[in-house]
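This report concerns only the one structure given below.
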Amino acid sequence: MRSVNEAREEKIHFDFLRTLLQRNHKTIILVSVIEFKNATKIFGSRAVLDNLNLQIDGGSWVSLMGASGAGKTTLVHALIGAIPLTFGDIMVDGYNVTKFSSSALQEYRRKIGIVFQDYKLLPKKTAYENVAFAMEVCDYSYSQIKKRTMEVLEIVGLASAPHHFPHMLSGGEKQRVAIARALIHNPRLIIADEPTGNLDPVSTQGIVDLLTKLNIEGVTVIFATHNTQIVEKLNKRVVTLENGKVA
């Protein structure tokens with residue numbers, strides 16, 4: 001059974017996150033700092049994250065690199081609360097993500113934009129429907145959903161293709177839909193896990209340019225990639241993982 005203090009702490013976290021969702025995103029900077037403190041994740045006998053310590057300032061861009069199995073995806077999944085740490089803490093603006101209840105995690109994730117390599121689009125829904133779905137599950141009104149969905153499709157350059165199904169879109173366009181969906185709740189943090197891994201060079205540059213524009217506007221971007229050419233061209237902070245630690 002949870003203690004009174006644990007229940008009180010959970011309520012504080014939940015109320016804090018709900019308040020963030022109710023404020024105008026232009027008047028608040030969510031994610032002023034992210035801190036991994038002795039973050040450790042053990043699978044079997046292997047520490048995929050091994051007492052990892054890392055600080056990411058709000059509004060910055062961090063390119064996350066490392067060989068396959070170095071811990072990049074585990075770090076990302078831990079940050080969004082998809083997997084629990086074995087021990088250690090992940091602090092976002094002073095709040096410990098590892099202590100959030102399931103309801104608090106849902107509120108927290110709505111302020112994070114997540115973009116994956118394989119798009120994760122619903123094949124039987126149009127571009128518009130794929131993006132709008134993220135608001136429909138949160139009980140927004142029809143007018144709110146329509147307005148915001150068209151806004152983010154405009155941002156990613158797909159305002160002319162809202163009724164296209166995924167099979168009608170190129171790889172770059174699919175990823176733009178995924179980014180539009182990630183933007184739907186006005187996130188101040190975007191986590192892009194190998195977002196250009198399946199794209200040709202032209203589409204890759206388009207996605208990088210789009211994320212760069214968002215970063216210039218103040219959004220924190222964590223960009224996990226194997227593409228050294230992209231990272232060198234960006235000339236931004238690089239964090240390399242090796243054996244579960246920052247190299």
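The values are calculated or read from the model by the stated rules, or taken from the named source; none is laboratory data. Keep in mind the model is a prediction, meaning the values are calculated, not measured. We place every Cβ from the backbone using ideal geometry, glycine too, and count neighbours over all the protein chains shown.
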Check your understanding: Does the stretch 38-65 hold any residues that are assigned to a strand (DSSP E or B), more than 17 Å from residue 94 (Cβ to Cβ) and without any contact (Cβ under 8 Å) to a residue 24 or more places away in the chain, and which are they?
Key -> 43, 46
Study note, to complete from the structure: (1) basic (Lys, Arg); (2) touching a Phe, Trp or Tyr at 6+ places or on another chain (Cβ under 8 Å); (3) buried (at least 19 other Cβ atoms within 10 Å of the Cβ) all hold for residue 124 apart from (3)
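In this structure, is residue 35 closer than 26 Å to residue 215 by Cβ, among the acidic types (Asp, Glu) and part of a strand (DSSP E or B)?
Working: closer than 26 Å to residue 215 by Cβ: yes; among the acidic types (Asp, Glu): yes; part of a strand (DSSP E or B): yes.
Yes; evaluated as a whole, the condition is true for this residue.
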Check your understanding: Mind checking whether some residue in the stretch 108-118 is out of contact with any Leu (no Cβ under 6 Å at 6 or more places or on another chain), part of a strand (DSSP E or B) and surrounded by fewer than 16 Cβ atoms within 10 Å (Cβ to Cβ)?
Key -> no
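If a residue counts only when it is among the hydroxyl-bearing types (Ser, Thr, Tyr), which helices (runs of 4 or more DSSP H) contained entirely in the stretch 136-239 have at least 1 such residues?
142-155, 201-216, 228-234
Before we move on, is residue 247 farther than 25 Å from residue 135 by Cβ and either loosely packed, with under 15 Cβ neighbours inside 10 Å or among the hydrophobic types (A, V, I, L, M, F, W, C) (or both)?
Numbers: farther than 25 Å from residue 135 by Cβ: yes; either loosely packed, with under 15 Cβ neighbours inside 10 Å or among the hydrophobic types (A, V, I, L, M, F, W, C) (or both): yes.
The answer is yes for residue 247.
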Point to revise | Within the stretch 122-144, tally of residues that are within 23 Å of residue 168 (Cα to Cα) and either of a type in the set (A, V, I, L, M, F, W, C) or touching a Lys or Arg at 6+ places or on another chain (Cβ under 7 Å) (or both) | key: 7
Exercise for review: With the checklist (1) farther than 29 Å from residue 60 by Cβ; (2) in contact with a Pro (Cβ under 7 Å, 6 or more places away or on another chain); (3) crowded, with 18+ Cβ neighbours inside 10 Å in hand, flag the one item residue 169 doesn't pass.
Suggested key: (2)
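If the requirement is being buried (at least 16 other Cβ atoms within 10 Å of the Cβ), in a loop (DSSP other than H, G, I, E, B), modelled with pLDDT under 85 and of a type in the set (A, V, I, L, M, F, W, C), which of these qualifies: 30, 85, 20?
Values: 85 fails: modelled with pLDDT under 85; 20 fails: in a loop (DSSP other than H, G, I, E, B).
Sole residue among the options that is buried (at least 16 other Cβ atoms within 10 Å of the Cβ), in a loop (DSSP other than H, G, I, E, B), modelled with pLDDT under 85 and of a type in the set (A, V, I, L, M, F, W, C): 30.
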**Study point:** Total residues in the stretch 189-247, condition without any contact (Cβ under 8 Å) to a residue 12 or more places away in the chain, of a type outside the set (S, T, N, Q) and closer than 18 Å to residue 118 by Cα
**Key:** 1
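Test of understanding: among 62, 131, which residue is modelled with pLDDT of 95 or more, closer than 22 Å to residue 216 by Cβ, surrounded by 14 or more Cβ atoms within 10 Å (Cβ to Cβ) and of a type in the set (Val, Ile, Thr)? Walk me through it before giving the result.
Working: 131 fails: closer than 22 Å to residue 216 by Cβ.
Exactly one of 62, 131 is modelled with pLDDT of 95 or more, closer than 22 Å to residue 216 by Cβ, surrounded by 14 or more Cβ atoms within 10 Å (Cβ to Cβ) and of a type in the set (Val, Ile, Thr), namely 62.
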